[in-house]
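First comes the structure, then the notes that go with it.
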Amino acid sequence: MIAENIKILRKRIEQTCQKCGRKDEEVRLIAVSKTFSLGLIEEAFEAGQIEFGENYVQELQEKHTELAAKNIQWHFIGHLQSNKVKYLADYVSLIHSVDNLNLGREISKRAEQHNRIQDVLVEVHTTDEATKFGVRPEQTVGLIKELSLLTHLRICGLMTMGPFSDNPNDSRNSFRSLCDLKKQIEAEGILNVRMQHLSMGMTHDFEVAIEEGATMVRIGTAIFGRRLKNLN
């Protein structure tokens, strides 16, 4: 089932890219595996899925340990507290959710301890929903300038979440504004900043995200099915 879901999903990504004149290799699929079992992750891995996204530090730790023999690239996509950075600093491939300078400093400090440069995305709050995290668009350039001075942190792009809605097109303005912000940051020419990625789009709106320039889509339900529980 998982393998077939991934096959269907990659076909949809390819078709969307063709529709908007993009190459499908420009879009990376991040399988959001939070709350799903090791067995399902292994099934997805055997189907060729390499990149997995997790929202909770403890859960990511446990899965990373249990699946250490697999060549999995782990992404942390949830809200990250500074005091938990140390638990993932030596192995996480990409942190999608940096939204303040103190968090950036802690990531850089922990990365230095492990003699590595940590790739990160800056999370931007592009909706009016108070429940979402992220730096405000008008504050993003300033934050990136400060983060760019941290020696063991590498800014690789931006991340956002669209609004809660059943209509995928309701996310379009959020995604378009993130793309515009990426262009604005590129024009600033900030040293040590590479605006390679826009991480945006989930199961219900990833096609709109691709149309608006997403290079990473974070998809769980369309691969693994609906979640039966939430972890804190």
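What follows is calculated from the coordinates using simple rules that are stated; it is not laboratory data. Not measured: the values here are computed from a predicted model. Because the Cβ atoms are built from the backbone with ideal geometry, glycine has one as well, and the counts that use them run over all protein chains shown.
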key: Unit charges on C-beta of K, R, D, E only; dipole of the chain, Debye   = 200
inquiry  = How high is the relative contact order of the range 99-232? Use alpha-carbon pairs under 8 Å, at least six apart in sequence, and give a whole percent.
reply    = 21
Label-point separation, ARG194 to ARG116 (7 Å along Cα→Cβ), nm = 1.6
Exceeding the 30 Å Cα-Cα cut-off - candidates LYS86/LYS145; LYS7/LYS63; LYS84/LYS182; LYS23/LYS86; LYS23/LYS183; LYS63/LYS183 = LYS23/LYS86; LYS63/LYS183
request  = Using a 10 Å cut-off on Cβ atoms, rank the peptides 186-195, 94-103, 160-169 from the highest mean neighbour count down.
outcome  = 94-103, 160-169, 186-195
Sum of -39500 (n - 2.57) over DSSP H runs of 4+, divided by residues of the chain (222 nm, nearest 500) = -11500 deg cm²/dmol
key: Translational diffusion of the range 2-224, µm² s⁻¹ [Kirkwood Rh, Cα pairs; Stokes-Einstein; 25 °C; 0.890 mPa s]   = 139
